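Report on the following structure.
Each value in this text was obtained by applying a stated rule to the coordinates, not by laboratory testing. This is a predicted model, so every value here is computed, not measured. Note that each Cβ is placed from the backbone with ideal geometry, even for glycine, and that neighbours are counted across all protein chains shown.
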Amino acid sequence: GAGVSQSPSNKVTEKGKDVELRCDPISGHTALYWYRQSLGQGLEFLIYFQGNSAPDKSGLPSDRFSAERTGGSVSTLTIQRTQQEDSAVYLCASSQSEPNTQYFGPGTRLTVL
Amino acid sequence: GDSVTQMEGPVTLSEEAFLTINCTYTATGYPSLFWYVQYPGEGLQLLLKATKADDKGSNKGFEATYRKETTSFHLEKGSVQVSDSAVYFCALRTLSSGSARQLTFGSGTQLTVLP
């Protein structure tokens with residue numbers, strides 16, 4: 001079946017601009033995660049959605065970062081007023097409640113000039 | 001907090017050599033343990049997992065055993081191939097009450113296998 005998809009695959013933006021990154025999870029997966037992969041910080045958890053519960057935002061690095069998940073499916077990660085340190089690969093993963101194995105999308109490579 | 005420490009890379013081996021990538025962890029509770037692999041230009045893929053002590057995960061000739069007494073989950077393969085060249089990530093997930101069940105990753109180990 002189809003895996004996790006993300007768009008765009010690459011995004012180049014200027015410092016100060018807003019960007020939106022999209023994630024389509026595997027159909028039927030109730031849990032959705034965003035991670036960030038950067039050279040200096042490795043793989044970091046950002047935010048977690050489970051069903052209709054309030055998201056766990058404990059990993060978001062600043063209030064410029066936000067995410068939403070509409071209809072329990074597609075998710076959008078928004079970064080406002082981008083900074084150069086936001087340059088990274090943003091990964092989305094989804095899972096069923098149990099077993100909780102997470103399946104990752106190909107990522108969006110964000111470059112902030 | 002939870003953490004994963006894995007062998008620094010890069011690791012370069014000849015084809016058919018034996019591979020070990022060390023991974024140790026610190027966690028509250030009883031974590032599940034994972035190895036993910038990232039091939040060049042591709043996303044993270046689950047390689048294998050183990051959910052309780054003494055479990056052995058295996059896939060594609062790779063193995064790792066959950067050792068609670070040494071808090072380790074070392075990745076091994078008896079005979080590597082050029083196609084195994086990738087970055088390998090050790091990860092854990094705890095299921096404590098209220099946790100987001102997110103994965104905590106090690107820093108990754110770059111493996112290059114030469115023909």
What ³J(HN,Hα) values, in whole Hz, does the Karplus curve 6.51 cos²θ - 1.76 cosθ + 1.60 give for region A:10-17 when θ = phi - 60°, with x put for Gly and Pro?
9, 9, 10, 9, 8, 3, x, 7
What are the lysines whose alpha-carbon lies under 16 Å from the alpha-carbon of B:LYS52, with same-chain residues fewer than 8 places away excluded?
B:LYS68
As straight-line cross-link partners of B:LYS56, the qualifying aspartates and glutamates (C-alpha separation under 18 Å, not fewer than 8 residues apart within one chain) are B:GLU69, B:GLU76
Given the C-alpha centroids of region B:22-47 and region A:46-76, what is the distance between them in whole angstrom?
22 Å
Using a Gaussian network model on chain B with a 10 Å cutoff between Cα atoms, which of B:SER58, B:SER83, B:SER32 fluctuates the most?
B:SER83
Which whole number gives the average count of other chain Cβ atoms within 10 Å of the Cβ atoms across peptide A:42-49?
4
Identify which of B:THR65, B:THR24, B:THR12 has the largest mean-square fluctuation in a Gaussian network model of chain B, with springs joining Cα atoms closer than 10 Å.
B:THR12
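Mean 1/r over all different Cα pairs, inverted: what Kirkwood radius does the protein assembly as shown give, in Å? Mind dumping the intermediate values first?
On the way: mean 1/r = 0.0549 Å⁻¹.
That comes to 18.2 Å for the protein assembly as shown.
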Amide H proximity to A:SER87 below 5 Å, modelled H, separation 5+ or other chain, gives A:VAL112
Whose amide H sits under 5 Å from the amide H of B:HIS74, counting only residues 5 or more places off or on another chain, with H placed in the peptide plane?
B:CYS23, B:THR65
